[in-house]
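*Asks:* After the structure tokens below, expect a handful of questions from me.
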Amino acid sequence: EDAISRYTSPAWPGREYAVETVRSLTAAEENDRYLMNAPGLLRMLALVARGGPFVRLGYRGTSDPAVSAVPPPAFSDDASSRPGPRGITADNTVGVASDKARLHACIAIMNLSCGKSNKVEITSVPEILEAMRDVMLGRHFAARPRTSMSSQRSSSSSGNVADEARLKATTCVKNLSNADANDAALLGTPGLVETLGHVAEATCHPSGGATTCTTHACLALMNLSISKANKNRVFRTPGVMDALMAVITRTSPKNSSETTPASASGQAKDPNFEARVKACSALSNLAIGYDNKIPMFNYPGFVESILTVIRTDGAEARTKACSILWSFAAEMKNQVPVVQRGDILPALVSVAKEDTKTEARFKCVAALTLLAESPENAVPLLRAGSLEPLMNVLQEAGPDPTQWRGQTASWCVGFLMNMAQCDDVVPALLQEGIVDLLAPLLSLDHYQSLKAAMAVTFVCQYDTGDKTYNLLRQTENVIPKIVGLLHNTLSGRGGSGYKYGVFTLRSSVGCIASLAAGPDFMKERIATNPVFESLLKVVEDFCVEGGTPGAIVGGGKDDIRSVTLAVRALSSLIGHLIPEPNCAAMPFGPAMDDQLITALGSFERSAHPDIDDATKKQAYSARIRVEGGKNLHGHRKDSVSSDSSPDDLSDDGGGIGLSLARKFFPFPCGMNLHVASDPTPPSAPALPPPPAKEEDTMDISDDAASATSGDGAVRTFLLTDSKTGRRFAVPRDPSGGRQFNNNRVWCFRRGRYCNAGEEPDSNFQWSDELQTAYKAALNGNNVSDSSQC
């Protein structure tokens with residue numbers, strides 16, 4: 001004891017006064033450049049703050065003590081590293097600085113760390129970070145710093161000094177963490193992140209709540225968890241999660257006044273409020289990390305603590321807690337478990353209904369939208385009452401997306417799009433008026449029209465009424481965007497108005513599948529090479545040569561839902577192009593044929609237990625059609641139509657013949673409006689027959705179509721079909737003003753010849769009755785703007 005007192009007694013006041021002098025100089029920012037440039041000053045302050053200089057006691061002979069200077073004790077997770085009173089360590093090492101000198105050194109370093117230009121230079125001195133860690137742990141102090149487990153707040157001066165030094169050291173680390181460039185050094189200091197967690201919990205009393213030191217420790221952890229590269233490292237640090245959970249639990253507001261920020265009420269800052277917000281912010285940052293979403297969701301007691309914040313807090317902490325649930329929902333593997341818990345969904349719906357003042361509502365709407373990505377969640381979401389608040393948000397926002405405030409309404413459209421993909425909830429969506437709500441968005445040239453068109457397509461795919469037909473017509477201008485979305489998703493990039501990852505692969509593939517199951521005009525619009533290539537890639541990624549790993553949006557060998565939808569779409573489109581096996585070939589060339597045959601065959605042979613037999617039969621049927629077309633017309637490289645006759649495939653006629661044109665668009669050169677393939681032709685054609693075969697050639701190049709695109713408008717009148725109510729726009733002049741060698745086809749909906757790249761509307765099918773009525777109208781010269789048959 002005498003040897004210790006010789007080096008730690010008040011008889012050494014000179015060193016303490018010297019450190020206090022330096023501390024006084026650091027109070028003025030103007031002095032920073034002189035102090036920072038003083039050789040060895042930062043290292044000396046770090047040594048004193050840590051408790052040094054350190055000496056080791058030995059003995060000469062039997063009684064004379066021998067003292068030698070030694071480096072500071074190395075940090076380790078043993079008794080000497082844990083908080084405790086100053087004394088001789090196991091190897092007889094002792095620090096000679098007084099507690100007050102250490103406090104002065106901590107304050108001096110803290111003051112210097114406030115300077116923006118000083119932060120990186122201070123952090124570059126490893127001894128400073130090690131010293132701050134030891135002070136926060138309370139190593140080598142004469143008395144223990146107070147902790148959350150202390151029954152009474154100690155009033156001893158030595159205890160107060162240790163507490164104050166811990167606060168200054170924590171504040172210093174918090175200041176240094178404000179610079180992103182310091183992350184590597186702070187995370188690389190052994191035990192520093194663990195110590196921040198220890199301080200956050202130790203300074204937050206179960207009954208008395210948080211202190212300023214708690215807030216600063218949580219703020220340092222929040223700063224360190226901002227960078228993407230740090231999130232998993234901080235999460236995996238022992239003690240950090242438990243400490244942050246303890247803070248948000250112990251600072252739970254006891255009354256409504258505690259949920260209001262002190263700055264808003266004009267009062268002094270409430271340590272509980274500040275610490276709770278910073279702890280929730282740190283946890284929110286950690287939950288964003290891709291590697292953290294699943295383990296954080298499963299961390300014992302964590303979800304319960306977050307739900308407690310949502311139930312009891314009404315301010316910023318609640319918003320951060322809702323953001324954490326949003327992050328959980330963003331992980332596809334979490335989506336079903338989140339709903340199955342039973343306690344998260346009611347909390348999300350409650351905030352979406354009630355909170356109209358903070359961003360918590362936006363976070364919950366986003367979380368609900370992501371949860372709706374999993375079809376298994378659609379019915380529970382509907383039963384939980386999630387539809388009402390989100391539709392209310394859309395109604396309040398209005399039909400013009402350019403006038404929407406914030407992103408909440410946009411997420412609501414996405415929610416409806418996701419929900420519409422589940423057949424079990426479509427009746428409820430239709431009953432609630434989802435179509436009328438989204439219809440104004442369909443005609444807009446806006447990002448929201450993409451989601452609205454997809455939602456309408458999903459809910460209308462089984463309805464064949466006139467209203468649905470008209471709605472689908474409105475979505476025609478959005479089809480290129482839907483196709484582009486599918487292509488972009490598979491290519492790992494975003495598009496106009498959205499980033500990669502916003503849409504799941506299942507959404508875009510499902511929409512294509514719905515369009516492929518729709519009217520013929522929809523099939524015509526999407527039966528293109530880009531669509532087939534994208535659908536083919538989905539199937540190939542699933543099963544060809546073992547498949548590929550999936551992406552954040554889905555796909556790959558584990559995405560059963562997407563590949564099932566892709567096979568259904570391929571089956572529908574191939575069936576449209578080739579109604580019967582061996583009647584026609586695919587129009588995209590032999591290479592595509594081979595890829596389709598390989599992919600569909602591989603899918604048929606897949607042993608995955610979640611693939612049903614019905615889908616495999618669809619793949620088989622599509623493959624047989626492709627193989628038949630390849631065998632029938634394998635010698636041709638050009639595309640052919642599914643409705644072409646064998647005569648149209650001969651090489652002497654210049655390519656594709658007129659059977660398709662006569663069947664769907666019966667206006668050859670003589671304007672014979674009868675469908676050539678109809679087995680009951682009229683007894684006496686009133687118009688000249690079509691010219692001979694050698695003149696019935698069709699040039700399918702764009703130049704041929706555009707050569708006559710500048711002709712004058714054709715005068716038409718409307719011929720109404722009493723059976724369907726459809727009005728056919730037909731020409732007053734049977735020739736349509738077209739020369740005999742002009743082989744463009746007529747569209748009864750548009751009332752004109754198709755331009756380059758256009759296809760006639762195949763829903764307007766000509767019949768014998770219409771042919772008779774048309775001839776009667778022409779022969780009787782009673783043509784008006786509208787006639788009826």
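*Asks:* Pairs under 9 Å by beta carbon, first residue within 26 Å of MET522 (Cα to Cα) in region 757-776, partner at pLDDT 80 or above and of a type in the set (Gly, Ala, Ser), six or more apart or different chains?
*Replies:* What qualifies is PHE764/ALA729.
*Asks:* May I ask you to verify whether LEU176 is open to solvent by less than 10 Å² (accessible area, probe 1.4 Å), of a type in the set (A, V, I, L, M, F, W, C) and at pLDDT 95 or above?
*Replies:* Yes.
*Asks:* Please state which one of ASN292, ASN298, ASN285, ASN230 is under 28 Å from PHE75 (Cα atoms), within 25 Å of the chain's Cα centre (by Cα) and either modelled with pLDDT of 95 or more or of a type outside the set (Asp, Glu) (or both).
*Replies:* ASN230
*Asks:* What pairs can you find where one residue is in region 490-506 and closer than 15 Å to ALA330 by Cα, the other is open to solvent by less than 30 Å² (accessible area, probe 1.4 Å) and of a type in the set (Asp, Glu), and their Cβ atoms are less than 6 Å apart, with a gap of 6+ or different chains?
*Replies:* THR504/GLU373
*Asks:* Could you list, in sequence order, all residues of region 403-433 that are part of a helix (DSSP H, G or I), in contact with a Leu (Cβ under 9 Å, 6 or more places away or on another chain) and open to solvent by 80 Å² or more (accessible area, probe 1.4 Å)?
*Replies:* Within region 403-433, ASP424 is the sole residue that qualifies.
*Asks:* Additional query: Can you name every residue in region 301-326 that is among the small types (Gly, Ala, Ser), over 22 Å from the mean Cα position of the chain (by Cα) and in a helix (DSSP H, G or I)?
*Replies:* SER305, ALA317
*Asks:* Mind listing whichever residues of region 523-541 are assigned to a helix (DSSP H, G or I), open to solvent by 10 Å² or more (accessible area, probe 1.4 Å) and modelled with pLDDT of 90 or more?
*Replies:* ASN529, PRO530, GLU533, LYS537, GLU540, ASP541
*Asks:* Right, here's the next one. Quick check on region 546-557. Is at least one of its residues touching a residue at least 12 places away in the same chain (Cβ under 8 Å), under 27 Å from ASN334 (Cα atoms) and assigned to a helix (DSSP H, G or I)?
*Replies:* yes
*Asks:* Among the residues of region 215-235, write down those that are surrounded by fewer than 20 Cβ atoms within 10 Å (Cβ to Cβ) and assigned to a loop (DSSP other than H, G, I, E, B). Write out each step before concluding.
*Replies:* Residues of region 215-235 surrounded by fewer than 20 Cβ atoms within 10 Å (Cβ to Cβ): 226-229, 232-233.
Matches in region 215-235: ILE226, SER227, LYS228, ALA229.
*Asks:* Is it the case, given these coordinates, that SER787 is modelled with pLDDT under 75, in contact with a strand residue (DSSP E or B) (Cβ under 8 Å, 6 or more places away or on another chain) and in a strand (DSSP E or B)?
*Replies:* Yes: the conditions hold for SER787.
*Asks:* Here is a further query. Inspect region 337-357 for any residue being under 16 Å from the mean Cα position of the chain (by Cα), of a type outside the set (Val, Ile, Thr) and either crowded, with 24+ Cβ neighbours inside 10 Å or closer than 30 Å to ARG561 by Cα (or both) and give the result as yes or no.
*Replies:* Within region 337-357 (the criterion being under 16 Å from the mean Cα position of the chain (by Cα), of a type outside the set (Val, Ile, Thr) and either crowded, with 24+ Cβ neighbours inside 10 Å or closer than 30 Å to ARG561 by Cα (or both)), the answer is no, since none of the residues qualifies.
*Asks:* Identify, please: which residue in region 236-282 is modelled with pLDDT under 95, part of a helix (DSSP H, G or I) and touching a Gly at 6+ places or on another chain (Cβ under 7 Å) and is, among those, surrounded by the fewest Cβ atoms within 10 Å (Cβ to Cβ)?
*Replies:* THR259
*Asks:* Go through (1) modelled with pLDDT of 50 or more; (2) in contact with a Phe, Trp or Tyr (Cβ under 6 Å, 6 or more places away or on another chain); (3) not charged (D, E, K, R) one by one and return the number of the condition PRO609 breaks.
*Replies:* Here PRO609 clears every test but (2).
*Asks:* Scanning region 473-502 for residues that are of a type outside the set (Ser, Thr, Tyr), assigned to a loop (DSSP other than H, G, I, E, B) and out of contact with any strand residue (DSSP E or B) (no Cβ under 9 Å at 6 or more places or on another chain), which turns out most open to solvent (accessible area, probe 1.4 Å)? Outline the logic, then answer.
*Replies:* As a first pass, look at region 473-502 and keep what is of a type outside the set (Ser, Thr, Tyr): 473-474, 476-488, 490, 492-495, 497, 499, 501-502.
Pick out the ones that are also assigned to a loop (DSSP other than H, G, I, E, B) and you get 492-494, 497, 499, 501-502.
Narrowing further to those that are out of contact with any strand residue (DSSP E or B) (no Cβ under 9 Å at 6 or more places or on another chain): 493-494, 497, 499, 502.
Values: ARG493: 112, GLY494: 30, GLY497: 56, LYS499: 158, VAL502: 72 Å².
The residue in question is LYS499.
*Asks:* Scanning region 144-163 for residues that are under 24 Å from LEU219 (Cβ atoms) and surrounded by fewer than 17 Cβ atoms within 10 Å (Cβ to Cβ), which turns out modelled with the lowest pLDDT?
*Replies:* Selected residue: ARG153.
*Asks:* Restricting region 576-605 to residues that are outside any helix (DSSP H, G or I) and open to solvent by less than 20 Å² (accessible area, probe 1.4 Å), which is farthest from ASP541 (Cα to Cα)?
*Replies:* Here the residue is ALA584.
*Asks:* Could you list, in sequence order, the residues of region 356-377 that are touching a Ser or Thr at 6+ places or on another chain (Cβ under 9 Å) and of a type outside the set (A, V, I, L, M)?
*Replies:* Let us first name the residues in region 356-377 that are touching a Ser or Thr at 6+ places or on another chain (Cβ under 9 Å), namely 358-368, 371-373.
Hits for region 356-377 are THR358, GLU359, ARG361, PHE362, LYS363, CYS364, GLU373.
*Asks:* If I filter region 217-234 for residues that are in contact with a Ser or Thr (Cβ under 8 Å, 6 or more places away or on another chain) and hydroxyl-bearing (Ser, Thr, Tyr), do I get at least one hit?
*Replies:* No: region 217-234 contains no residue that is in contact with a Ser or Thr (Cβ under 8 Å, 6 or more places away or on another chain) and hydroxyl-bearing (Ser, Thr, Tyr).
*Asks:* Against the condition farther than 24 Å from GLN431 by Cα, of a type in the set (Val, Ile, Thr) and at pLDDT 95 or above, how does VAL336 come out, does it pass?
*Replies:* Against the criterion (farther than 24 Å from GLN431 by Cα, of a type in the set (Val, Ile, Thr) and at pLDDT 95 or above), VAL336 qualifies.
*Asks:* So for region 528-535 (the condition being touching a residue at least 40 places away in the same chain (Cβ under 8 Å) and more than 19 Å from LYS481 (Cα to Cα)), does at least one residue qualify?
*Replies:* Within region 528-535, none of the residues are touching a residue at least 40 places away in the same chain (Cβ under 8 Å) and more than 19 Å from LYS481 (Cα to Cα).
*Asks:* Same structure again: Among ASP520, ASP558, ASP463, which is open to solvent by 50 Å² or more (accessible area, probe 1.4 Å), among the acidic types (Asp, Glu), out of contact with any Phe, Trp or Tyr (no Cβ under 8 Å at 6 or more places or on another chain) and at pLDDT 90 or above?
*Replies:* ASP558
*Asks:* Then there is this: Out of region 542-555, which residues are modelled with pLDDT of 90 or more, open to solvent by 40 Å² or more (accessible area, probe 1.4 Å) and either within 20 Å of ASP613 (Cβ to Cβ) or not acidic (Asp, Glu) (or both)?
*Replies:* GLY546, THR548, PRO549
*Asks:* Sticking with this structure for a sec: Just to be sure I understand, how many residues within region 108-143 are under 18 Å from HIS198 (Cα atoms), part of a helix (DSSP H, G or I) and open to solvent by less than 10 Å² (accessible area, probe 1.4 Å)?
*Replies:* Of the residues in region 108-143, 7 are under 18 Å from HIS198 (Cα atoms), part of a helix (DSSP H, G or I) and open to solvent by less than 10 Å² (accessible area, probe 1.4 Å).
The values are calculated or read from the model by the stated rules, or taken from the named source; none is laboratory data. Computed from a predicted model, the values in this text were never measured in an experiment. FYI the Cβ positions are ideal-geometry reconstructions off the backbone, even for glycines, and counts take in every protein chain you see. All accessible areas refer to the heavy atoms of the entire protein, side chains included, with ligands and DNA or RNA removed. Shrake-Rupley method; radii C 1.70, N 1.55, O 1.52, S 1.80 Å.
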